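Structure, as structure tokens:
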Amino acid sequence: MLTLSMSLLTSAQAVADFETEIAAEGGKWARYYEQEDLEGLMTLYVDDAIVALHGQPALFGIAAIRDYFSSRIGKADSVFELEYELRETHGEIAYIISKYWLKATDKETGDTYLDAGRSLLVYKKQSGRWKIAADIDQSTPDVSWPAPSGLN
């Protein structure tokens, strides 16, 4: 009985540790983008990652991902809000599904762009680190402005 109790505690702790670890990973992307840190952003992806953003052709590989984001990052002051809906791990693969809200204000024109929807981040464990293998977002009618925090 003691062994079973210890096993359940260890298993529960492992799940809690993962929840904390993968939640931190999910927030890194938004922070790097908001801080206009292209190099930091690129450290989050595996070399053969795919990025599929709504309204854009899919990007295959780190070079295409870098090219895409290098032409956008730093052009606007951006703020993200994320609301995690699901975080799971299956061995060396993990994923996060979240609602997101993006507010970007163009630095030259002052125009504001608002985007909201859902994202799916699929992670692979590489050399002890979780890295993004697939990054997909989409518009969805049940995620809209204003953001829950009141971000407008």
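Between residue 36 and residue 72, what is 0.36 nm times their sequence separation minus the Cα-Cα distance? Round to one decimal in nm. Don't jump to the answer; show the numbers that get you there.
On the way: separation 36, 0.36 × 36 = 12.96 nm, distance 0.94 nm.
In short, 12.0 nm is gained.
Using r as the Cβ-Cβ distance of residue 79 and residue 127, and R0 as 22 Å, what FRET efficiency do you calculate, to the nearest 0.05? If you can, show how the numbers build up before the last one.
Details: r = 32 Å, r/R0 = 1.44.
That pair, residue 79 with residue 127, gives E of 0.10.
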> For labels at residue 149 and residue 56 in the simple 7 Å Cα→Cβ model, what's the distance in nm?
Replying inline: 2.2 nm
>> If you build the convex hull over the alpha carbons only and average its shadow over all orientations, what do you get for region 25-144? Give it in nm² to one decimal.
In response: 7.3 nm²
> Once phi is turned into θ = phi - 60°, what whole-Hz ³J(HN,Hα) does the Karplus curve with 6.51, -1.76 and 1.60 give for every residue of region 134-144, x standing for Gly and Pro?
Replying inline: 9, 9, 10, 9, 8, 6, 8, x, 9, 10, 9
> What translational diffusion coefficient, in µm²/s and rounded to a whole number, does the Stokes-Einstein relation yield for region 93-142 at 37 °C and a viscosity of 0.692 mPa s, taking the hydrodynamic radius as the Kirkwood radius over Cα pairs?
Replying inline: 258 µm²/s
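Which order, highest average first, do 84-92, 133-141 follow once you tally other Cβ atoms within 10 Å for each residue and take the mean per peptide? Don't skip to the answer; put the middle values down first.
Working: 84-92: 12.1, 133-141: 15.2.
Result, highest mean first: 133-141, 84-92.
How do the peptides 42-49, 115-122 rank, highest first, by the average count of neighbouring beta carbon atoms within 10 Å per residue?
Values: 42-49: 15.9, 115-122: 18.9.
My ranking of the peptides, most packed first, is 115-122, 42-49.
We did not get these values from a lab; they are worked out from the coordinates using the rules stated. No experiment lies behind these values; they were computed from the predicted model shown. Neighbour counts are summed over all protein chains in view; Cβ atoms, including those assigned to glycine, are modelled from backbone coordinates with ideal geometry.
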